[in-house]
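Worksheet for the structure shown next.
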Amino acid sequence: MNTFPYDSWEEALEAADGASGYFTFGPGGNLAMVILTILAIALAVAWMGWLTMNETKHLNESADKVAQKWGL
């Protein structure tokens with residue numbers, strides 16, 4: 001599957017005038033990409049925090065069950 005919209009790299013470079021970048025990390029400034037990047041970083045940090053807290057809760061519950069079972 002060829003999804004490259006140009007026939008050659010030269011044509012793609014001509015289309016990239018530097019003022020209006022592609023919707024990637026390519027040339028030009030793009031406010032949408034900045035917003036998506038910040039949103040992605042914030043969501044990743046929030047997810048890692050949730051994952052850590054959730055795993056801590058499950059591990060502590062399991063440790064309590066083992067301690068009750070063996071009288072520790």
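The values are calculated or read from the model by the stated rules, or taken from the named source; none is laboratory data. All values reported here derive from a predicted model rather than from experimental measurement. SASA here: full protein model, heavy atoms, side chains in, ligands and nucleic acids out. Shrake-Rupley method; radii C 1.70, N 1.55, O 1.52, S 1.80 Å.
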Exercise. Can you work out ³J(HN,Hα) from phi for every residue in the range 61-72, in order, using Karplus 6.51 cos²θ - 1.76 cosθ + 1.60 and θ = phi - 60°, giving whole Hz and x for Gly and Pro?
Worked result: 4, 5, 5, 5, 4, 5, 5, 5, 5, 9, x, 8
Exercise. If ligands, DNA and RNA are left out, what is the accessible area of MET48 with a 1.4 Å probe, given in Å² to the nearest 10?
Worked result: 100
Exercise. In sequence order, what are the phi-derived ³J(HN,Hα) couplings for the range 7-12 according to the Karplus relation 6.51 cos²θ - 1.76 cosθ + 1.60 with θ = phi - 60°, rounded to whole Hz, with x for glycine and proline?
Worked result: 7, 8, 5, 4, 5, 5
